[in-house]
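Here's the structure we're looking at; comments come further down.
Values in this text are rule-based calculations from the coordinates and carry no lab data. Given the structure is predicted, the values throughout are model-derived calculations rather than measurements. Ideal geometry is used to build each Cβ from the backbone, glycine not excepted, and the neighbour counts take in all protein chains shown.
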Amino acid sequence: ETGVTQSPTHLIKTRGQQVTLRCSSQSGHNTVSWYQQALGQGPQFIFQYYREEENGRGNFPPRFSGLQFPNYSSELNVNALELDDSALYLCASSSRDTPFSPLHFGNGTRLTVT
Amino acid sequence: AQSVAQPEDQVNVAEGNPLTVKCTYSVSGNPYLFWYVQYPNRGLQFLLKYITGDNLVKGSYGFEAEFNKSQTSFHLKKPSALVSDSALYFCAVRDRAAAGANNLFFGTGTRLTVIP
């Protein structure tokens, strides 16, 4: 069973730039969620994708966007980066076919915005 | 609105002693409750969940949690702590009415240190 993998592991960007983070779901999982974890904080829900469509979103501006592909992998895109976007970005997959199935998290991408 | 409070930033316990990590929650309706653990430079790992039914929930690695509706609490417990239990623990809640099946609201975490 292949777990959730995220790339890259670390990334440094400059304010105003754009970034794309990638996630491969655990095999058999059809739902992907993205979370932002600032230093010393708990993860905050950004959005969720199912069947290649966003079907839930947290309190994040539209410059945070995503995609889900037919193989259930996903991308998180952030435009016009701000210093406060510096955080650990976590991808989590689950199976919508199994009620209340737990989230399986990747190890995250550490984004630093300077 | 939903919220989770983990009142202790840090919990220290001696190896072999029982441990408790506290969590209280607030949701408008009936909650789904979860505990996750995070090791350094890693993602979160699922420990256990409460959906409905028995108030005492058993999970991975010998952990358990008790749902108390009147106190709106969901404390994590383990009868005998191991050094390897040292990690960052997160309580999370989902309001059944929240959009997005994975819209979990996490607490700020409690760092557990088990002293040999």
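Results, tabulated for the structure shown:
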item	result
Burial ordering of A:Thr31, B:Thr108, fewest other beta-carbon atoms within 10 Å first	B:Thr108, A:Thr31
Fully extended contour minus Cα-Cα distance, from B:Arg111 to B:Ser70, at 0.36 nm per residue	12.1 nm
Spin-label pair B:Asn55/B:Val83, simplified geometry with 7 Å Cα→Cβ offset, distance in nm	3.7 nm
Span from the the stretch A:3-50 Cα centroid across to the the stretch B:1-65 one, whole angstrom	23 Å
Isotropically averaged projected area of the stretch B:1-46, using the convex hull of Cα atoms (one quarter of hull area), nm²	4.7 nm²
